[in-house]
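The values are calculated or read from the model by the stated rules, or taken from the named source; none is laboratory data. Computed from a predicted structure; not experimentally measured. FYI the Cβ positions are ideal-geometry reconstructions off the backbone, even for glycines, and counts take in every protein chain you see. Note: areas computed on protein heavy atoms with side chains; ligands, DNA, RNA excluded. Shrake-Rupley method; radii C 1.70, N 1.55, O 1.52, S 1.80 Å.
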Amino acid sequence: MFSKQWRIQAWSALDQIWDVIVIGGGITGAAIFRRCVSGGLKTLLVEAHDFSYGTSSKSSKLVHGGFRYLKNRQFDVTRESVREREWLIKNSHHLVEPMSFIMPYSERKNMKAEFGLGVIIYDLLAPKWRHNHYSARKTRQKMPLLSADWVKGSYRYYDAVVDDSRLVMRLIEETVQDGGAALNYTRVIELQKNANSKVDGLTIQDASTQGLGVKHLRAKVVINATGPWSDSLREEVNGSPRIRPLRGSHLIFARERLPIDNAVTLLHPKDHRAMFAIPWEGATLIGTTDLDHADDLNAREPYCTAAEIDYILEAANAIFPDVNLQKPDIISSFAGIRPIVRGDTNDPSKESRAHVVWDEHGLITIAGGKLTIFRVMAEDTLKLVAGQLGRPLPPIKSGSSLSISIKKQPGLTLKSHATGSHAMANRPGLF
(Lines give C-alpha, C1' and ligand atoms only; values in the text may rest on other atoms or scores of the structure.)
Protein backbone atom coordinates (compact mmCIF):
# COMPACT_ATOMS: atom_id res chain seq x y z
CA MET A 1 0.00 0.00 0.00
CA PHE A 2 2.71 2.50 0.99
CA SER A 3 4.68 2.07 -2.22
CA LYS A 4 7.50 4.36 -3.32
CA GLN A 5 5.07 6.66 -5.12
CA TRP A 6 2.25 6.65 -2.57
CA ARG A 7 2.88 10.16 -1.21
CA ILE A 8 3.03 11.67 -4.70
CA GLN A 9 -0.17 9.90 -5.67
CA ALA A 10 -1.93 10.92 -2.45
CA TRP A 11 -0.75 14.53 -2.81
CA SER A 12 -2.10 14.78 -6.36
CA ALA A 13 -5.56 13.66 -5.15
CA LEU A 14 -5.94 16.28 -2.40
CA ASP A 15 -7.84 18.87 -4.44
CA GLN A 16 -11.37 18.03 -3.35
CA ILE A 17 -13.77 19.04 -0.59
CA TRP A 18 -13.27 16.71 2.32
CA ASP A 19 -15.89 15.76 4.88
CA VAL A 20 -13.23 15.63 7.58
CA ILE A 21 -9.55 16.51 7.84
CA VAL A 22 -7.80 15.11 10.91
CA ILE A 23 -4.58 16.82 12.04
CA GLY A 24 -2.30 14.50 14.01
CA GLY A 25 -1.11 10.97 13.25
CA GLY A 26 -0.89 9.53 16.75
CA ILE A 27 -3.30 7.04 18.29
CA THR A 28 -6.08 9.62 18.73
CA GLY A 29 -5.88 10.92 15.17
CA ALA A 30 -5.59 7.40 13.78
CA ALA A 31 -8.64 6.26 15.74
CA ILE A 32 -10.72 9.23 14.55
CA PHE A 33 -9.52 8.63 11.00
CA ARG A 34 -10.64 5.01 11.23
CA ARG A 35 -14.00 5.92 12.72
CA CYS A 36 -14.71 8.53 10.05
CA VAL A 37 -13.90 6.27 7.12
CA SER A 38 -15.81 3.37 8.70
CA GLY A 39 -18.79 5.73 8.81
CA GLY A 40 -18.50 6.58 5.13
CA LEU A 41 -16.94 10.03 5.51
CA LYS A 42 -14.40 11.26 2.97
CA THR A 43 -11.46 11.77 5.32
CA LEU A 44 -7.86 12.98 5.15
CA LEU A 45 -5.27 12.51 7.91
CA VAL A 46 -2.16 14.70 7.97
CA GLU A 47 0.87 14.36 10.26
CA ALA A 48 3.83 16.75 10.44
CA HIS A 49 6.37 14.00 11.18
CA ASP A 50 6.30 10.21 11.12
CA PHE A 51 2.99 8.57 11.97
CA SER A 52 3.09 7.84 15.72
CA TYR A 53 5.96 10.32 16.09
CA GLY A 54 4.94 11.89 19.39
CA THR A 55 3.28 10.55 22.52
CA SER A 56 2.00 7.40 20.83
CA SER A 57 5.49 5.99 20.29
CA LYS A 58 6.73 6.88 23.77
CA SER A 59 4.08 5.42 26.06
CA SER A 60 4.65 2.86 28.82
CA LYS A 61 3.44 0.20 26.33
CA LEU A 62 0.42 -0.55 28.50
CA VAL A 63 -3.26 -1.03 27.80
CA HIS A 64 -4.50 -0.60 31.35
CA GLY A 65 -7.13 0.84 33.59
CA GLY A 66 -4.70 2.92 35.58
CA PHE A 67 -4.59 1.29 38.99
CA ARG A 68 -3.20 4.45 40.58
CA TYR A 69 -6.20 6.46 39.36
CA LEU A 70 -8.32 4.66 41.95
CA LYS A 71 -6.38 6.43 44.69
CA ASN A 72 -7.32 9.76 43.06
CA ARG A 73 -10.97 8.63 42.91
CA GLN A 74 -11.00 8.78 39.10
CA PHE A 75 -13.44 5.87 39.01
CA ASP A 76 -15.09 6.82 35.72
CA VAL A 77 -11.73 6.96 33.94
CA THR A 78 -10.71 3.61 35.41
CA ARG A 79 -14.02 1.92 34.59
CA GLU A 80 -13.91 3.15 31.00
CA SER A 81 -10.29 2.05 30.66
CA VAL A 82 -10.56 -1.45 32.11
CA ARG A 83 -13.57 -2.22 29.94
CA GLU A 84 -11.75 -1.06 26.83
CA ARG A 85 -8.75 -3.12 27.94
CA GLU A 86 -10.92 -6.24 28.16
CA TRP A 87 -12.44 -5.55 24.73
CA LEU A 88 -9.03 -5.12 23.14
CA ILE A 89 -7.57 -8.25 24.75
CA LYS A 90 -10.52 -10.25 23.48
CA ASN A 91 -10.52 -8.84 19.97
CA SER A 92 -6.87 -8.24 19.13
CA HIS A 93 -4.79 -11.29 19.93
CA HIS A 94 -1.07 -10.79 19.23
CA LEU A 95 -1.57 -7.01 19.18
CA VAL A 96 -2.81 -6.39 22.73
CA GLU A 97 -1.68 -9.13 25.12
CA PRO A 98 -2.64 -9.69 28.77
CA MET A 99 0.15 -9.51 31.32
CA SER A 100 0.19 -10.34 35.00
CA PHE A 101 1.36 -7.69 37.47
CA ILE A 102 2.79 -8.43 40.90
CA MET A 103 2.06 -5.64 43.39
CA PRO A 104 4.11 -6.21 46.58
CA TYR A 105 3.34 -4.57 49.90
CA SER A 106 5.38 -3.86 53.01
CA GLU A 107 4.54 -3.50 56.71
CA ARG A 108 3.46 0.10 56.13
CA LYS A 109 0.14 0.78 57.85
CA ASN A 110 -2.94 -0.17 55.79
CA MET A 111 -0.86 -0.96 52.68
CA LYS A 112 -2.03 -4.58 52.46
CA ALA A 113 -5.68 -3.62 53.00
CA GLU A 114 -5.54 -0.77 50.49
CA PHE A 115 -4.01 -2.97 47.80
CA GLY A 116 -6.47 -5.77 48.54
CA LEU A 117 -9.45 -3.47 48.21
CA GLY A 118 -7.90 -1.89 45.11
CA VAL A 119 -7.58 -5.15 43.15
CA ILE A 120 -11.16 -6.06 44.01
CA ILE A 121 -12.50 -2.72 42.77
CA TYR A 122 -10.25 -2.93 39.71
CA ASP A 123 -11.72 -6.29 38.74
CA LEU A 124 -15.31 -5.36 39.54
CA LEU A 125 -15.13 -2.33 37.25
CA ALA A 126 -14.15 -4.57 34.30
CA PRO A 127 -16.11 -6.70 35.37
CA LYS A 128 -14.10 -9.87 35.95
CA TRP A 129 -12.54 -11.76 38.84
CA ARG A 130 -8.90 -12.54 38.25
CA HIS A 131 -6.59 -11.59 41.07
CA ASN A 132 -4.68 -13.46 43.76
CA HIS A 133 -3.02 -12.83 47.08
CA TYR A 134 0.45 -14.23 47.70
CA SER A 135 2.26 -14.63 51.00
CA ALA A 136 5.79 -13.31 51.36
CA ARG A 137 7.20 -16.78 50.62
CA LYS A 138 5.00 -17.24 47.53
CA THR A 139 5.86 -13.75 46.34
CA ARG A 140 9.57 -14.55 46.54
CA GLN A 141 8.97 -17.74 44.57
CA LYS A 142 7.24 -15.77 41.84
CA MET A 143 9.71 -12.86 41.89
CA PRO A 144 13.03 -13.88 43.53
CA LEU A 145 14.59 -10.48 42.88
CA LEU A 146 12.15 -8.61 45.13
CA SER A 147 13.46 -7.27 48.43
CA ALA A 148 13.27 -10.03 51.07
CA ASP A 149 13.30 -7.49 53.92
CA TRP A 150 10.75 -5.10 52.47
CA VAL A 151 8.17 -7.39 50.84
CA LYS A 152 5.64 -8.97 53.21
CA GLY A 153 3.30 -10.27 50.53
CA SER A 154 1.72 -9.23 47.24
CA TYR A 155 -1.33 -9.16 45.05
CA ARG A 156 -1.42 -10.36 41.47
CA TYR A 157 -3.72 -8.70 38.93
CA TYR A 158 -3.85 -8.40 35.15
CA ASP A 159 -3.49 -5.56 32.67
CA ALA A 160 -2.12 -5.73 29.12
CA VAL A 161 0.80 -4.63 26.95
CA VAL A 162 0.85 -3.29 23.39
CA ASP A 163 3.31 -2.14 20.75
CA ASP A 164 1.95 1.41 20.60
CA SER A 165 3.42 2.40 17.22
CA ARG A 166 2.39 -0.85 15.61
CA LEU A 167 -1.18 -0.25 16.75
CA VAL A 168 -1.21 3.25 15.25
CA MET A 169 0.23 2.05 11.95
CA ARG A 170 -2.25 -0.81 11.79
CA LEU A 171 -5.18 1.58 12.12
CA ILE A 172 -3.81 3.98 9.51
CA GLU A 173 -2.84 1.33 6.97
CA GLU A 174 -6.18 -0.43 7.04
CA THR A 175 -8.09 2.83 6.90
CA VAL A 176 -6.17 3.80 3.77
CA GLN A 177 -7.01 0.40 2.31
CA ASP A 178 -10.67 1.21 2.95
CA GLY A 179 -10.52 4.52 1.08
CA GLY A 180 -9.11 7.08 3.50
CA ALA A 181 -6.14 9.31 2.61
CA ALA A 182 -3.16 9.81 4.94
CA LEU A 183 0.01 11.85 4.53
CA ASN A 184 2.97 12.07 6.88
CA TYR A 185 5.57 14.85 6.75
CA THR A 186 2.77 17.27 5.93
CA ARG A 187 2.75 20.44 8.01
CA VAL A 188 -0.27 22.61 8.65
CA ILE A 189 0.81 26.16 7.82
CA GLU A 190 -2.45 27.85 8.78
CA LEU A 191 -6.16 27.26 9.20
CA GLN A 192 -8.55 28.58 6.57
CA LYS A 193 -11.72 30.41 7.66
CA ASN A 194 -14.91 31.49 5.92
CA ALA A 195 -16.61 34.89 6.03
CA ASN A 196 -18.04 34.06 9.47
CA SER A 197 -14.54 33.33 10.85
CA LYS A 198 -15.36 29.65 11.08
CA VAL A 199 -12.65 27.12 10.24
CA ASP A 200 -13.41 25.44 6.91
CA GLY A 201 -10.04 24.19 5.74
CA LEU A 202 -6.29 24.53 6.05
CA THR A 203 -3.08 25.18 4.18
CA ILE A 204 -0.53 22.39 4.18
CA GLN A 205 3.09 22.17 3.07
CA ASP A 206 5.01 19.05 2.12
CA ALA A 207 7.84 18.69 4.66
CA SER A 208 9.44 15.66 3.03
CA THR A 209 12.41 15.58 0.68
CA GLN A 210 10.01 15.20 -2.25
CA GLY A 211 9.26 18.93 -2.22
CA LEU A 212 5.64 18.64 -3.32
CA GLY A 213 4.85 22.24 -2.40
CA VAL A 214 1.78 23.82 -0.79
CA LYS A 215 -1.93 22.99 -0.95
CA HIS A 216 -5.02 24.90 0.17
CA LEU A 217 -7.67 22.40 1.28
CA ARG A 218 -11.35 22.69 2.17
CA ALA A 219 -13.28 20.53 4.61
CA LYS A 220 -16.64 20.48 6.32
CA VAL A 221 -14.89 19.58 9.57
CA VAL A 222 -11.30 20.08 10.81
CA ILE A 223 -10.22 18.05 13.85
CA ASN A 224 -7.23 18.97 16.00
CA ALA A 225 -5.80 15.70 17.37
CA THR A 226 -2.25 16.94 17.85
CA GLY A 227 -1.93 16.00 21.53
CA PRO A 228 0.69 18.15 23.31
CA TRP A 229 0.71 20.54 20.32
CA SER A 230 -3.05 21.22 20.56
CA ASP A 231 -2.73 24.70 22.06
CA SER A 232 -0.37 25.82 19.30
CA LEU A 233 -3.01 25.14 16.66
CA ARG A 234 -5.77 26.59 18.82
CA GLU A 235 -4.00 29.95 18.90
CA GLU A 236 -5.36 30.53 15.39
CA VAL A 237 -8.90 30.53 16.78
CA ASN A 238 -7.87 32.58 19.85
CA GLY A 239 -8.17 29.61 22.15
CA SER A 240 -6.76 30.12 25.63
CA PRO A 241 -4.19 27.49 26.77
CA ARG A 242 -5.79 24.33 28.13
CA ILE A 243 -3.07 21.70 27.81
CA ARG A 244 -0.74 20.80 30.66
CA PRO A 245 2.14 18.87 29.03
CA LEU A 246 3.35 16.22 31.46
CA ARG A 247 6.53 14.28 30.80
CA GLY A 248 6.80 10.58 31.49
CA SER A 249 10.29 9.08 31.25
CA HIS A 250 11.43 5.46 31.15
CA LEU A 251 14.68 3.52 31.45
CA ILE A 252 15.54 0.32 29.57
CA PHE A 253 17.79 -2.39 31.02
CA ALA A 254 19.08 -5.62 29.52
CA ARG A 255 17.10 -8.62 30.63
CA GLU A 256 20.32 -10.17 31.93
CA ARG A 257 20.60 -7.35 34.49
CA LEU A 258 16.94 -7.42 35.53
CA PRO A 259 15.33 -10.72 34.49
CA ILE A 260 11.61 -10.60 35.33
CA ASP A 261 8.81 -12.68 33.83
CA ASN A 262 5.94 -10.74 35.40
CA ALA A 263 5.43 -7.01 35.48
CA VAL A 264 5.80 -5.37 38.88
CA THR A 265 3.75 -2.47 40.22
CA LEU A 266 5.91 -0.62 42.74
CA LEU A 267 5.70 2.51 44.84
CA HIS A 268 8.54 5.00 44.87
CA PRO A 269 10.11 5.06 48.35
CA LYS A 270 9.98 8.86 48.59
CA ASP A 271 6.63 10.03 47.22
CA HIS A 272 4.83 6.67 46.93
CA ARG A 273 3.98 7.23 43.25
CA ALA A 274 3.00 4.05 41.43
CA MET A 275 5.57 2.90 38.85
CA PHE A 276 6.09 -0.21 36.74
CA ALA A 277 8.84 -2.65 35.84
CA ILE A 278 7.78 -4.46 32.67
CA PRO A 279 9.36 -7.23 30.60
CA TRP A 280 9.37 -5.77 27.09
CA GLU A 281 10.79 -7.06 23.80
CA GLY A 282 13.58 -9.05 25.47
CA ALA A 283 14.53 -6.22 27.82
CA THR A 284 13.10 -4.65 30.99
CA LEU A 285 11.40 -1.25 31.04
CA ILE A 286 11.01 0.81 34.23
CA GLY A 287 8.95 3.99 34.50
CA THR A 288 7.33 6.34 34.55
CA THR A 289 7.83 9.82 35.92
CA ASP A 290 5.10 12.49 35.89
CA LEU A 291 6.50 16.02 35.60
CA ASP A 292 5.53 19.32 34.03
CA HIS A 293 7.36 19.70 30.73
CA ALA A 294 8.45 23.30 30.19
CA ASP A 295 10.63 22.84 27.08
CA ASP A 296 9.52 23.99 23.65
CA LEU A 297 8.06 20.90 21.97
CA ASN A 298 9.31 22.06 18.59
CA ALA A 299 12.86 22.82 19.73
CA ARG A 300 13.87 19.25 20.59
CA GLU A 301 12.39 15.91 21.50
CA PRO A 302 11.69 15.27 25.19
CA TYR A 303 14.32 13.26 27.03
CA CYS A 304 14.89 11.66 30.39
CA THR A 305 16.76 14.14 32.58
CA ALA A 306 19.55 13.30 35.01
CA ALA A 307 17.17 13.91 37.93
CA GLU A 308 14.63 11.51 36.44
CA ILE A 309 17.29 8.86 35.95
CA ASP A 310 18.21 9.12 39.64
CA TYR A 311 14.52 9.00 40.60
CA ILE A 312 13.82 5.83 38.58
CA LEU A 313 17.01 4.11 39.77
CA GLU A 314 16.09 4.89 43.37
CA ALA A 315 12.71 3.19 42.93
CA ALA A 316 14.23 0.20 41.13
CA ASN A 317 16.91 -0.40 43.75
CA ALA A 318 14.43 -0.09 46.60
CA ILE A 319 12.34 -2.98 45.24
CA PHE A 320 15.23 -4.96 43.64
CA PRO A 321 18.11 -4.23 46.08
CA ASP A 322 20.22 -7.26 45.21
CA VAL A 323 20.34 -6.26 41.54
CA ASN A 324 21.97 -2.89 42.38
CA LEU A 325 21.22 -1.16 39.08
CA GLN A 326 23.60 1.68 38.18
CA LYS A 327 23.73 4.26 35.41
CA PRO A 328 26.11 2.18 33.25
CA ASP A 329 23.45 -0.56 33.21
CA ILE A 330 21.02 1.69 31.31
CA ILE A 331 20.95 0.70 27.65
CA SER A 332 18.37 3.28 26.58
CA SER A 333 15.83 5.81 27.79
CA PHE A 334 12.83 7.59 26.31
CA ALA A 335 10.32 10.21 27.35
CA GLY A 336 6.83 11.06 26.13
CA ILE A 337 4.54 14.03 26.72
CA ARG A 338 0.99 13.48 27.93
CA PRO A 339 -1.52 16.05 26.60
CA ILE A 340 -3.42 16.46 29.87
CA VAL A 341 -6.30 18.94 30.04
CA ARG A 342 -5.36 21.33 32.84
CA GLY A 343 -7.35 21.05 36.06
CA ASP A 344 -7.12 22.78 39.42
CA THR A 345 -4.39 20.69 41.07
CA ASN A 346 -0.71 21.54 41.48
CA ASP A 347 0.31 17.87 41.63
CA PRO A 348 0.83 16.47 38.11
CA SER A 349 0.03 12.94 39.26
CA LYS A 350 -3.40 14.03 40.48
CA GLU A 351 -4.51 15.59 37.19
CA SER A 352 -7.48 13.81 35.66
CA ARG A 353 -6.80 11.51 32.70
CA ALA A 354 -10.30 12.14 31.34
CA HIS A 355 -10.55 13.32 27.73
CA VAL A 356 -12.35 16.44 26.55
CA VAL A 357 -13.71 17.39 23.12
CA TRP A 358 -14.64 20.98 22.29
CA ASP A 359 -15.53 23.23 19.35
CA GLU A 360 -13.90 26.64 18.82
CA HIS A 361 -15.09 28.48 15.74
CA GLY A 362 -15.34 25.24 13.81
CA LEU A 363 -12.04 23.74 15.02
CA ILE A 364 -12.79 20.51 16.89
CA THR A 365 -10.12 19.69 19.48
CA ILE A 366 -9.75 16.39 21.34
CA ALA A 367 -7.25 16.23 24.21
CA GLY A 368 -6.54 14.34 27.41
CA GLY A 369 -7.40 10.67 27.65
CA LYS A 370 -5.01 7.78 27.17
CA LEU A 371 -4.07 5.16 24.60
CA THR A 372 -6.30 2.50 26.17
CA ILE A 373 -9.53 4.38 25.38
CA PHE A 374 -8.75 5.43 21.80
CA ARG A 375 -12.05 3.92 20.56
CA VAL A 376 -14.07 5.91 23.08
CA MET A 377 -12.23 9.13 22.26
CA ALA A 378 -12.88 8.66 18.55
CA GLU A 379 -16.59 8.01 19.11
CA ASP A 380 -17.01 11.04 21.37
CA THR A 381 -15.26 13.25 18.82
CA LEU A 382 -17.57 12.07 16.03
CA LYS A 383 -20.63 12.83 18.16
CA LEU A 384 -19.58 16.48 18.22
CA VAL A 385 -18.59 16.41 14.55
CA ALA A 386 -22.09 15.26 13.61
CA GLY A 387 -23.37 18.74 14.45
CA GLN A 388 -21.02 20.36 11.96
CA LEU A 389 -21.89 17.83 9.28
CA GLY A 390 -25.53 18.74 9.70
CA ARG A 391 -26.63 15.13 10.02
CA PRO A 392 -26.63 12.34 12.61
CA LEU A 393 -23.48 10.42 13.44
CA PRO A 394 -22.73 8.29 10.37
CA PRO A 395 -23.37 4.59 11.01
CA ILE A 396 -20.55 2.12 10.58
CA LYS A 397 -20.36 0.55 7.14
CA SER A 398 -21.25 -3.11 6.79
CA GLY A 399 -18.21 -5.18 7.61
CA SER A 400 -16.92 -2.78 10.26
CA SER A 401 -17.42 -2.98 13.99
CA LEU A 402 -18.43 -0.26 16.41
CA SER A 403 -15.76 2.28 15.66
CA ILE A 404 -12.66 0.88 14.05
CA SER A 405 -12.22 -2.35 12.18
CA ILE A 406 -8.93 -4.11 11.71
CA LYS A 407 -8.90 -6.88 9.17
CA LYS A 408 -7.79 -10.38 10.00
CA GLN A 409 -4.18 -10.98 9.04
CA PRO A 410 -1.95 -14.04 9.43
CA GLY A 411 -1.36 -14.74 13.09
CA LEU A 412 -4.08 -12.30 14.21
CA THR A 413 -7.50 -13.52 15.29
CA LEU A 414 -10.05 -10.75 15.53
CA LYS A 415 -13.76 -10.54 16.23
CA SER A 416 -16.28 -7.80 15.66
CA HIS A 417 -18.59 -6.63 18.40
CA ALA A 418 -21.15 -3.84 18.33
CA THR A 419 -22.43 -2.04 21.41
CA GLY A 420 -25.08 -4.10 23.11
CA SER A 421 -24.72 -7.09 20.77
CA HIS A 422 -22.35 -9.84 19.77
CA ALA A 423 -23.39 -10.24 16.17
CA MET A 424 -20.53 -11.12 13.88
CA ALA A 425 -19.90 -8.73 11.00
CA ASN A 426 -18.80 -9.87 7.55
CA ARG A 427 -15.21 -8.97 8.40
CA PRO A 428 -13.48 -9.52 11.71
CA GLY A 429 -12.87 -6.20 13.48
CA LEU A 430 -10.80 -4.74 16.24
CA PHE A 431 -12.75 -1.61 16.97
Q.
To check you understand DSSP bridge types, tell me what percent of the beta bridges within the chain (both residues inside) are antiparallel, rounded to 5.
A. 75
Q. Modelled label-to-label distance, GLN141 and ASP310, 7 Å Cα→beta-carbon offset: nm?
A. 4.1
Q: Order the following by accessible area, largest value first: TYR185, TYR157. Probe radius 1.4 Å; ligands, DNA and RNA are ignored.
A: TYR185, TYR157
Q. Quick one: Karplus J couplings for the range 304-316, per residue in order, coefficients 6.51, -1.76, 1.60, θ = phi - 60°, nearest Hz, x for Gly and Pro?
A. 7, 7, 4, 5, 5, 4, 4, 5, 5, 4, 4, 5, 5
(Q) Just to verify a number: what accessible area does ILE331 come out at with the full protein assembly present, 1.4 Å probe, Å² rounded to tens? (A) 110
Q. Setting aside same-chain residues fewer than 8 positions from LYS58, which lysines have a Cα under 19 Å from its Cα?
A. LYS370
Q: Only residues of the range 177-201 count here: report those whose backbone N is under 13 Å from the spot 7 Å along Cα→Cβ of HIS361, or say none.
A: 191-201
Q) Relative contact order of the chain: what whole-number percent is it, with Cα pairs under 8 angstrom and at least 6 residues apart? A) 21
Q) Along each of its three principal axes, how wide is the spread of alpha-carbon positions in the range 66-167, in whole angstrom units, largest first? A) 40, 29, 23
Q: Any chance you could get the radius of gyration and Dmax over the Cα atoms of the range 98-145, in Å?
A: 11.7, 32
Q: Name the residue, out of GLY211, GLY25, GLY336, whose mean-square fluctuation peaks in a Gaussian network model built on the chain with Cα pairs under 10 Å.
A: GLY211
Q.
In whole Hz and in residue order, list the ³J(HN,Hα) couplings for the range 216-221 that follow from phi through the Karplus curve 6.51 cos²θ - 1.76 cosθ + 1.60, θ = phi - 60°; x for Gly and Pro.
A. 10, 10, 10, 8, 5, 9
Q: Once you've got the GNM for the chain with C-alpha springs shorter than 10 Å, pick whichever of THR372, THR209, THR55 has the biggest mean-square fluctuation.
A: THR209
Q: Add +1 for every Lys or Arg and -1 for every Asp or Glu among the other residues with Cβ under 15 Å from the Cβ of HIS131, and state the total.
A: +3
Q | 222 nm mean residue ellipticity, helices alone, for the chain (DSSP H n ≥ 4; -39,500 (n - 2.57); rounded to 500) | A | -7500 deg cm²/dmol
(Q) Rounded to two decimals, what is the ratio between the C-alpha radius of gyration of the range 273-391 and 2.2 N^0.38 Å? (A) 1.39
Q: Calculate the length of the line joining the C-alpha centroid of the range 291-344 to that of the range 220-262, in whole Å.
A: 14
(Q) Between ILE331 and ASP296, what is 0.36 nm times their sequence separation minus the Cα-Cα distance? Round to one decimal in nm. (A) 10.0 nm
Q. With the chain treated as a Gaussian network of Cα nodes joined by springs under 10 Å, which of ALA160, ALA263, ALA386 yields the largest mean-square fluctuation?
A. ALA386
Q. At a Förster distance of 45 Å, what's the computed FRET efficiency of SER232 paired with ASP76, Cβ-Cβ distance as r, to 0.05?
A. 0.95
**Q.** Taking N as its residue count, the alpha carbon Rg of the range 123-225 over 2.2 N^0.38 Å
**A.** 2.00
Q | Distant-in-sequence amide H partners of ARG244 (H built 1.01 Å from N, under 5 Å) | A | ILE340, VAL341, ARG342
Q: Please grab the % of Cα pairs in the chain that end up more than 34 Å from each other.
A: 33
Q) FRET efficiency for GLN5 and ALA386, Cβ-Cβ distance as r, R0 = 30 Å, nearest 0.05? A) 0.25
Q.
Need the list of lysines near LYS152 for cross-linking: C-alpha distance under 27 angstrom, and skip anything on the same chain fewer than eight residues off.
A. LYS71, LYS109, LYS112, LYS128, LYS138, LYS142, LYS270
Q) Across the range 177-276, how large is the tail of the calculated P(r) beyond 16 Å, expressed as a percent of all Cα pairs? A) 74
Q: May I ask you to work out the translational diffusion coefficient for the range 1-75 at 37 °C, viscosity 0.692 mPa s, via Stokes-Einstein with Rh from the Kirkwood sum over Cα pairs, reported in whole µm²/s?
A: 220
Q | Shape box of the range 331-394 [Cα atoms, principal axes, largest first, Å] | A | 51, 31, 18
Q.
What is the ratio of the Cα radius of gyration of the range 302-359 to 2.2 N^0.38 Å, with N the residue count, to two decimals?
A. 1.56
(Q) With just the Cα atoms defining each centre, how far is the range 148-181 from the range 100-127? Give it in Å. (A) 22
Q: Rounded, prolate or oblate: pick one for the range 57-125, where a ≥ b ≥ c are the square roots of the eigenvalues of its C-alpha gyration tensor, a/c under 1.5 means rounded, and failing that, prolate if a/b is larger than b/c, else oblate.
A: prolate
Q. Which residues in the range 142-181 place their backbone N less than 15 Å from a point set 7 Å from the Cα of SER349 along the Cα-to-Cβ direction?
A. none
Q. With θ set to phi - 60° and the Karplus curve 6.51 cos²θ - 1.76 cosθ + 1.60, what are the ³J(HN,Hα) couplings of the range 380-388 in order, to the nearest whole Hz, using x for Gly and Pro?
A. 5, 5, 5, 5, 6, 4, 4, x, 6
